[in-house]
1. Considering only residues of the stretch 128-144 that are under 15 Å from residue 19 (Cβ atoms) and within 25 Å of the chain's Cα centre (by Cα), which is surrounded by the fewest Cβ atoms within 10 Å (Cβ to Cβ)?
2. Condition first: surrounded by fewer than 16 Cβ atoms within 10 Å (Cβ to Cβ) and touching a residue at least 12 places away in the same chain (Cβ under 8 Å). Now tell me which residues in the stretch 182-202 satisfy that.
3. Somewhere in the stretch 179-197, is a residue within 20 Å of residue 61 (Cβ to Cβ) and touching a helix residue (DSSP H, G or I) at 6+ places or on another chain (Cβ under 6 Å)?
4. Would you pick out the residues in the stretch 8-33 that are modelled with pLDDT of 85 or more and within 20 Å of residue 63 (Cβ to Cβ)?
5. Filter the stretch 154-168 down to the residues that are surrounded by fewer than 17 Cβ atoms within 10 Å (Cβ to Cβ) and touching a helix residue (DSSP H, G or I) at 6+ places or on another chain (Cβ under 9 Å), then identify the one that is nearest to residue 67 (Cα to Cα).
6. Residues in the stretch 234-241: is at least one touching a strand residue (DSSP E or B) at 6+ places or on another chain (Cβ under 9 Å) and without any contact (Cβ under 8 Å) to a residue 60 or more places away in the chain?
7. Residue check: is residue 239 outside the structural domain of residue 52 (by TED's automatic domain parsing) and under 25 Å from residue 51 (Cα atoms)?
8. Tell me, yes or no, whether the stretch 87-103 has at least one residue that is in a loop (DSSP other than H, G, I, E, B), modelled with pLDDT of 80 or more and in the same structural domain as residue 163 (by TED's automatic domain parsing).
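The values are calculated or read from the model by the stated rules, or taken from the named source; none is laboratory data. Everything numeric here is computed off the predicted structure, so don't read it as measured data. For neighbour counting, all protein chains shown are included, and Cβ atoms are generated from backbone atoms with ideal geometry for every residue, glycine included.
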């Protein structure tokens, strides 16, 4: 999205809404690593995006949700109308939020799920009303503006959660709950804990029991899940930082950089340096 076509409303660098409205569609390439939570709503347009090295195509009226650290690359886009909402964790993601609408809910931090949500006409009208109210609030500069902006953001997220639940079956069985608990633990500890046993202890289960639950749910194995999360972060650090392979190895909990290099090369079929060079 060309910078000159974006109007941005900001509240104290912790929450912002950007609007894109122009007659001639633009197509550019750019790549960025998220440093805040972001909601993109493409009302009119199409394109191909890469999110955490996976490619997704979209066509008109979609929302997608990114968390800090995720890699977002635009392969191609032709956008006529779009919005982008960004916020830091302290602005919205407080622990008292309902689990489904918090920042560890069903929209954010689900790095292995398709990030797109497609609202119907009724949902689009509701989301549009909330967003219009939000933009009007930015113009007011009235008392308790922080609380009003936060309330509108929460309404928008709750509505988006409902849209996703309408269009995607959100399972609540034992296997699904265990998978969510396991994935959250991995997200919090993957840099220091690398074995299924480490996580099994924290969940009060045996490694064999967790593996059986994962098999029943039809997901990847627990060990593969951990490995994939480490590899994803390794790719992010290789592409979007100037850290050396040795520094990345230590950051990801490997005491031996040579072992990290073998681990990465076996999984990717490229050495870390070759991956960085080819990307």
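1. This residue is 132.
2. Once the filter is applied, which keeps residues that are surrounded by fewer than 16 Cβ atoms within 10 Å (Cβ to Cβ) and touching a residue at least 12 places away in the same chain (Cβ under 8 Å), the stretch 182-202 yields 184, 187, 191, 192, 195, 202.
3. Of all residues in the stretch 179-197, those within 20 Å of residue 61 (Cβ to Cβ) come to none.
For the stretch 179-197, residues within 20 Å of residue 61 (Cβ to Cβ) and touching a helix residue (DSSP H, G or I) at 6+ places or on another chain (Cβ under 6 Å): absent.
4. Answer for the stretch 8-33, where residues must be modelled with pLDDT of 85 or more and within 20 Å of residue 63 (Cβ to Cβ): 8, 9, 15, 16, 17, 18, 19.
5. The qualifying residue nearest to residue 67 (Cα to Cα) is 154.
6. In the first step, residues of the stretch 234-241 are kept if they are touching a strand residue (DSSP E or B) at 6+ places or on another chain (Cβ under 9 Å); the result is 235-236, 239-241.
Still in the running and without any contact (Cβ under 8 Å) to a residue 60 or more places away in the chain: 241.
Looking through the stretch 234-241, at least one residue is touching a strand residue (DSSP E or B) at 6+ places or on another chain (Cβ under 9 Å) and without any contact (Cβ under 8 Å) to a residue 60 or more places away in the chain.
7. Spelling it out, residue 239 is indeed outside the structural domain of residue 52 (by TED's automatic domain parsing) and under 25 Å from residue 51 (Cα atoms).
8. Yes, the stretch 87-103 has at least one match.
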